[in-house]
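Shown next, in structure tokens, is the structure this report addresses.
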Amino acid sequence: MSELGRILIVEDDPRDVELTLTALDEHKLANEVVITRDGKEALDYLHCREQFASRADENPAVILLDLKLPKVDGLEVLQQIRSDQKLKMIPVVVLTSSHEEKDMLATYQLGVNAYVVKPVDFHEFVNAVKELGMFWAIINQPPPGSAKKVS
Amino acid sequence: MAYWDNEFQRVRSPPLRYGFAVVCVGIAIAAALAIQQYQFRDVALPVLVLVIGIVTWYAGTGPAVVAVLLGTAAFNYMFVEPLYTFYVSARDLPYFLVFVLSAIIVASFSAVRLRIEENLRHSRDRLQTELEQRQRREAEIRKLNQELNLRAAELAAANRELEAFAYSVSHDLRAPLRHIVGYSELLQKHTPNSLDDKSQRYIQTIRESGKRMGNLIDDLLAFSRIGRTESRTTAVDLQKVVKEAISEIEPQTKGQDISWKIDALPVCYGDRSLLKLVVVNLLSNAVKFSGSRRPAKIEIGSVDANGDKIEIFVRDNGVGFDMQYVNKLFGVFQRLHRADEFEGTGIGLATVQRIVHRHGGMVRAEGAVDQGATFYFSLPKAEHPAKRTANAP
């Protein structure tokens, strides 16, 4: 496990971002994390547009996507990723507060790789995020063309 | 028809009707006499018969009798030999009798015809009023239907609103809660030494309350979801469901001395996952409230309720409840015990009731303080599906 995948987090709530980063940090996974604060920014990042125009054109190893987002919501981001030839292979994990069946149905129909409900309990939340980070950024082999960092 | 009606209506009062008869006979005789002047023979008989017919038609039976009598007398007096006497010679008797007979026949035919016509008119009027009533009723039904449709639309809108509400609770209420719990834990971790025992306890309480509220929200959402999800109805083997439920609540039963008694349970008809939720809730309650018993005795069985329903019961020897509060048992957020006695959100039995009602069954409970409780729920029997599964290879 010498390679660490880049994690793109799409989350509008700064507290959730902080908690997620804290959780990832416990496993030293926080280094290669990119935070985007709404759906538009996430798509800008993925398409290397505007403020991300100069970044190296590599896909993240995994996207942790919230569903309720300003501007462009999670479902639409997911849909755009899945309909883009270059982006559609990126693993996407929905990390949301929603227990709703219709959200699960809609995201799975759009081809999400995993659906995780954010636990209220902090321990569970930390564990969930840690395991997600472990699996997607370390254990899983991302599709070719993803950003990797030799640690 | 309307013309006849009008004609008939015009001669309603008795003096007019009888007068009409007399006048008609008079006119007939005058006409017959006038025609005779022109050397036509034997006109009186048909003219009088005709007039008698007309009188019966327009004025009814009484005037017809008068017309027949008057006509007979006048005919006898003026047209039967010897003229101008009421004497009838033997030779003219058949002629005279034929007149009287035909007059009577015409009169009676007309009378019968009149009666029939009147009956017809009556029935027609009755039909008319019935038709009107029916139309009125139809209009009423249509109006009620419209109101019903409106209500249905309103209900659907209210339901959508509720759904949106539940959705937003699910999304928006949990996030701040997560932050409260998360940050108080971070605080606890961050300053383990600078906080005294009291502060530590305060933070602990914040965390526990947050967690409790999280459980409440989750349970409430699950409860509201029961009404919204579509149920998938199949034949359900309750025996298996109970076994699964017992293994599901194992974390709760660990360390408890429980003697289970599970009778033979029938196959019933319903949504498997929902019915399992019912059993899990009831068993978990039984385990929870008999926690102080050594051993705790929990019995699951069925009684054949009347008709096409079966009744399942879960009995425990736990702390029981006062029958006085039995009505509160199945309400949302209703609890009969203090939070520090037994944990719980007060939604379990409400969920049970909601699911069982959705299946067309009933719930009830019996119990006494410190003498255990028995919870019953009834479900529709699965006769046909059971047969089908039994026959399947």
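Among the residues of the range B:1-32, the ones that are aliphatic (A, V, I, L, M), modelled with pLDDT under 85 and open to solvent by less than 60 Å² (accessible area, probe 1.4 Å) come to 1 in all. Give, as residue ranges, the helices (runs of 4 or more DSSP H) completely inside the range B:185-267 that count at least 1 residues that are in contact with a strand residue (DSSP E or B) (Cβ under 7 Å, 6 or more places away or on another chain). The helices (runs of 4 or more DSSP H) meeting that bar are B:238-248.
Listed conditions (1) assigned to a loop (DSSP other than H, G, I, E, B); (2) open to solvent by 100 Å² or more (accessible area, probe 1.4 Å) are all met by B:V80, apart from (2). Taking every residue in the range B:367-378 that is without any contact (Cβ under 8 Å) to a residue 60 or more places away in the chain and pairing it with any residue that is open to solvent by 40 Å² or more (accessible area, probe 1.4 Å) and part of a loop (DSSP other than H, G, I, E, B), at least 6 positions away or on another chain, the pairs with Cβ-Cβ distances below 9 Å are B:G367/B:D322; B:A368/B:D322; B:V369/B:D322; B:Q371/B:N317. When A:N127 is tested against the conditions (1) of a type in the set (S, T, N, Q); (2) open to solvent by less than 30 Å² (accessible area, probe 1.4 Å); (3) within 13 Å of chain B (Cβ to nearest Cβ), the lone failure is (2). Condition first: hydrophobic (A, V, I, L, M, F, W, C) and open to solvent by 90 Å² or more (accessible area, probe 1.4 Å). Can you find one or more residues in the range B:132-145 that meet it? Looking through the range B:132-145, at least one residue is hydrophobic (A, V, I, L, M, F, W, C) and open to solvent by 90 Å² or more (accessible area, probe 1.4 Å). A residue that is assigned to a helix (DSSP H, G or I), among the hydroxyl-bearing types (S, T, Y) and either touching a Leu at 6+ places or on another chain (Cβ under 8 Å) or within 14 Å of another protein chain (Cβ to nearest Cβ) (or both) occurs somewhere in the range B:152-168. Restricting attention to the range A:80-123, and to residues there that are touching a residue at least 40 places away in the same chain (Cβ under 8 Å) and within 11 Å of chain B (Cβ to nearest Cβ), which single residue is surrounded by the most Cβ atoms within 10 Å (Cβ to Cβ)? Only one residue fits best here, namely A:F122. Checking each residue in the range B:304-359 for being without any contact (Cβ under 8 Å) to a residue 12 or more places away in the chain and under 38 Å from the mean Cα position of the chain (by Cα) picks out B:D304, B:N306, B:G307, B:Q324, B:Y325, B:N327, B:K328, B:R335, B:H357. Sort through B:V68, B:V43 and tell me the only one that's closer than 22 Å to B:L93 by Cα and free of Cβ contacts under 8 Å to residues at least 24 places away in the same chain. The match here is B:V43.
The values are calculated or read from the model by the stated rules, or taken from the named source; none is laboratory data. No experiment lies behind these values; they were computed from the predicted model shown. Cβ coordinates were reconstructed from backbone atoms using ideal geometry, including for glycine residues, and neighbour counts include every protein chain displayed. The protein model used for the area step is the full one, side chains on, heavy atoms only, and it has no ligands, DNA or RNA in it. Shrake-Rupley method; radii C 1.70, N 1.55, O 1.52, S 1.80 Å.
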